[in-house]
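The values are calculated or read from the model by the stated rules, or taken from the named source; none is laboratory data. Being a predicted model, the structure only gives us computed values, none of them experimental. Every residue, glycine as well, gets a Cβ built from its backbone with ideal geometry; the counts of neighbours run over all protein chains shown.
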Amino acid sequence: MTDQAAAPSNAVELAEYLSSLGGTLLSYGCPTHRLESLLREVATLEGHAAEVFAVPTGLWLMLRPSSGAGEPVVRLVRVKEWAVDLDRLTAVDRIFNDALERKLTLREATEAMAAVDRRPPPWPRWATWAATPLATGTTAVFFRGGLAEIVAAAIGGVLLVLIGHLLRQRRDAPLLADFLGGFVAGAVAWGAGLVVPAVSREVLVLSIIIALVPGMALTTGLAELASKNLVSGASRLMGALIVFLSIVFGIAAAVAVEQVLGAGATVTPVRPDPPLWLEGGALVLAALSFAIFFSAPRQYLVATMAAGGIAWLVTGLATRHLPSGLAPFLAAFSVAAFANVCARVTQRPAQVFLLPALVLLVPGSFGFLSLEAFLRGAFLDGAAKGFEMFLIGGAIVTGLLVANVLVPARKFL
């Protein structure tokens with residue numbers, strides 16, 4: 001192939017800009033099907049044709065002028081670390097739109113995106129640390145937990161934060177985070193059962209691991225498969241499976257230690273639904289904690305929390321009055337439609353308003369219950385819960401797709 005230095009300078013500059021934009025969006029959790037469409041559209045607006053192939057860990061880009069003259073410019077971007085960061089995603093969206101409106105040159109936009117990584121977080125460190133125990137404690141309410149479960153789940157969240165902070169000090173240690181998180185969930189459930197025998201261990205385990213289960217990766221993977229991004233979707237689903245297995249083995253290790261010490265599991269009665277005032281208060285705190293967890297911009301906090309309220313309200317009403325399969329579909333449709341309307345009004349990405357609310361819908365807990373049942377040898381029960389997990393995930397994805405068609409955000413991101 002001819003040396004790419006001979007390519008037109010505007011093509012090289014555009015390729016540098018698109019590769020920087022694509023790598024940045026991948027590192028902030030942008031789904032690959034959205035990213036590929038975005039880069040192709042931007043290249044077309046700039047008078048070029050682009051072939052884009054994205055996976056969660058990398059991006060391949062080939063750019064050539066629409067006229068077909070000149071050698072193609074090829075770029076490869078490797079993404080080694082990624083996390084959902086809605087504040088930085090909003091900053092990238094602003095830079096991207098300024099470049100489209102010619103307020104910034106491509107070179108200036110590339111430099112501005114490189115500076116986004118140095119952007120200070122929107123929330124103080126104490127708030128980000130408090131978000132996890134706040135999320136685990138309030139989630140216990142939605143799993144019909146009482147005061148003992150709420151307090152114990154919050155303690156488990158504190159332990160998760162401490163373990164995560166310690167593991168970040170070493171290069172390879174974060175790979176153990178999911179296993180140790182599962183171990184903490186099992187150990188806290190065991191310890192709480194010793195102090196309060198009537199405590200629900202299942203509620204505690206599900207509440208503590210809510211910050212670990214990859215329900216978002218599962219839903220995104222299904223959406224990518226539905227968009228024919230087979231490699232990316234399959235890799236996300238496999239990554240979610242590995243996380244599930246790590247969590248389950250961590251819990252199994254805690255149970256094994258318990259059995260070695262001669263302690264036995266307790267059986268607790270089915271708990272009634274929590275009162276409406278408690279569930280409503282837990283919803284407000286849960287929506288706030290997940291907004292902080294995903295680094296949502298402060299100026300959009302009210303709208304982000306409102307999306308969580310819509311998810312909870314629609315799910316509750318649909319579950320009571322409609323077949324169970326329709327509840328996640330209607331909830332996902334309502335939340336996505338609201339997020340797209342907010343995106344139109346604010347001119348910011350719909351994900352800012354969508355992602356924190358989807359945490360209340362994603363079927364991660366069903367995936368955990370499925371693997372936990374398989375681990376106990378209850379294969380039929382595990383298969384049933386696994387099928388229910390994919391059914392809920394499919395309903396959520398379908399609701400998102402229908403909302404994007406009927407109430408589009410009219411934005412690239």
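Within the range 141-158, restricting attention to residues that are of a type outside the set (D, E, K, R), farther than 18 Å from Val195 by Cα and over 20 Å from the mean Cα position of the chain (by Cα), which residue is surrounded by the most Cβ atoms within 10 Å (Cβ to Cβ)? Looking at residues that are of a type outside the set (D, E, K, R), farther than 18 Å from Val195 by Cα and over 20 Å from the mean Cα position of the chain (by Cα), I get Val141. Under the condition of being touching a residue at least 40 places away in the same chain (Cβ under 8 Å) and surrounded by fewer than 19 Cβ atoms within 10 Å (Cβ to Cβ), the residues counted in the range 311-329 number 2. The criterion of being part of a loop (DSSP other than H, G, I, E, B), under 21 Å from the mean Cα position of the chain (by Cα) and at pLDDT below 90 holds for Glu81. Considering (1) crowded, with 19+ Cβ neighbours inside 10 Å; (2) in contact (Cβ under 8 Å) with a residue 24 or more places away in the chain, the lone condition that Arg119 does not fulfil carries the number (1). For the range 21-51, a tally of residues being part of a helix (DSSP H, G or I), among the small types (Gly, Ala, Ser) and under 23 Å from Ser235 (Cβ atoms) returns 4. Here Trp126 meets each of (1) without any contact (Cβ under 8 Å) to a residue 12 or more places away in the chain; (2) touching a Ser or Thr at 6+ places or on another chain (Cβ under 9 Å) with one exception, condition (2).
For the range 53-78, a residue qualifies if it is within 23 Å of the chain's Cα centre (by Cα) and in a strand (DSSP E or B), and the qualifying residues are Phe53, Ala54, Val55, Gly58, Leu59, Val77, Arg78. Scanning the range 39-87 for residues that are of a type in the set (Lys, Arg) and in contact with a strand residue (DSSP E or B) (Cβ under 9 Å, 6 or more places away or on another chain) gives Arg40, Arg64, Arg75, Arg78. From the list Leu330, Leu369, which one is modelled with pLDDT of 85 or more, in a helix (DSSP H, G or I) and in the same structural domain as Phe387 (by TED's automatic domain parsing)? After ruling out the rest, the residue left standing is Leu330.
Scanning the range 24-49 for residues that are within 20 Å of Ala296 (Cα to Cα) and small (Gly, Ala, Ser) turns up Ser27, Gly29.
A Cβ distance below 9 Å, combined with a sequence gap of six or more or placement on separate chains, defines the contacts here; from the range 393-413, residues that are more than 17 Å from Phe329 (Cα to Cα) reach residues that are among the aromatic types (Phe, Trp, Tyr) and crowded, with 16+ Cβ neighbours inside 10 Å in the pairs Phe412/Phe96; Leu413/Phe96. Scan (1) touching a Leu at 6+ places or on another chain (Cβ under 9 Å); (2) closer than 19 Å to Val352 by Cα for the single condition Asp85 breaks and write down its number. Every condition holds for Asp85 apart from (1). Quick one: is Leu212 touching a residue at least 24 places away in the same chain (Cβ under 8 Å) and farther than 15 Å from Leu285 by Cβ? Judged against the criteria, Leu212 is a match.
Restricting attention to the range 51-97, the residues that are in contact (Cβ under 8 Å) with a residue 12 or more places away in the chain, more than 27 Å from Pro121 (Cβ to Cβ) and among the hydroxyl-bearing types (Ser, Thr, Tyr) total 1.
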